[in-house]
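Please treat every number below as a calculation from the coordinates, not as lab data. Just so we're clear, the structure is a prediction, and the values are computed from it rather than from any experiment. Neighbour counts are summed over all protein chains in view; Cβ atoms, including those assigned to glycine, are modelled from backbone coordinates with ideal geometry.
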Amino acid sequence: MGDEAVVANGAGLSQVERVVDTFVAPSKTFTDILRNRSWWLPFLLTVIVSLCVTLSIDHQTGFERVVENQIQASPKQTDSLASLTPEQRAARVHGMAVGYRYTSYCFPLLVLIFSAIAALGLWATFNFALGATTTFGEMFCLWMYCSLPKLLIGLLTILTLFVGGNAEAFDIKNPVGTNLGYYLPDAAPWLKSALGFFDVIGLWSLVLLVIGTAIIAKVSRGKAAAVVVGWWVIILVVSAAMAGAFS
């Protein structure tokens, strides 16, 4: 009631307050999105943390080492490179390293694309399946704020790289031990991918998304959870299947 009154009276939170409240009082932030759909500060923080992570990897590990680690973790890639001459293999690894480096530096752009796709899926599901009257802009803004906890993974990655990190064991796809898949490095690729979804920070973001979509779409948290968790399960299954097929 109090949060709705704030929106109705036109009094709102600053961008910094919205970021802070995402961690300590998320309902306030999500209610404020109904007043203002601005998402520039979460994105700016994403750009800063992403750039720091990429620079740390480049300096502490190197992207050729990153590629070598990915090859060792993928039997199919290992087999495909086994038939190459040393010169051909070196050239292939170098090319892959360049690709990883450019992709990492362009990560904020990928975040925008993925966020837009995710927001579109949520907007369509709530509006057409549950009869809500949300807007794409509201869902996109909500997604950006609900993703803020994931910046902690970036900060932990930087800390790991500079404090006792092992370059030979660094996995750019799963850099820190916040999920179950991290602790089973020798598990089948599909299983590692599935267990990677059971991530304490990722689940935190998922809970925020349930709270936020309930407020934005004006539905019960039970209905919001059914939509959000339903999409989470679908993406988990698809990701595990793709990992099993291509790793």
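What the table shows:
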read-out	value
Rounded tilt (10° steps) of 63-72 against the dominant C-alpha axis of the chain	80
Ranked list, fewest to most other Cβ atoms within 10 Å of each Cβ, for H59, H94	H59, H94
Degrees between helix 40-60 axis and first principal axis of the chain (Cα, 0 to 90, nearest 10)	10
Under the Debye formula (equal points on every Cα, no solvent term), log10 I(q)/I(0) of the stretch 2-246 at q = 0.09 Å⁻¹	-0.46
Tilt relative to the chain, helix 221-246 - C-alpha long axis, 0 to 90 degrees, to 10	10
Net charge contributed by nearby residues that have their C-beta within less than 11 Å of P189 (K/R +1, D/E -1)	+2
Ascending count of other beta-carbon atoms within 10 Å, so fewest first, for D32, D21, D186, D79	D186, D79, D21, D32
Cα-Cα P(r), the stretch 1-104, percent of pairs per 5 Å interval	2, 11, 15, 13, 8, 7, 8, 8, 8, 7, 6, 3, 2, 1, 0
Computed over the stretch 2-246: relative contact order in percent, which uses C-alpha pairs under 8 Å that are six or more apart	23
Positive minus negative residues near L45 (Lys, Arg vs Asp, Glu; Cβ under 12 Å)	+2
Unit charges at the beta carbon, dipole of the stretch 2-246: most positive-side option, L130, G196, Y145	L130
MRE, 222 nm, helices only [DSSP H, n ≥ 4, -39500 (n - 2.57), over the chain, to nearest 500]	-23000 deg cm²/dmol
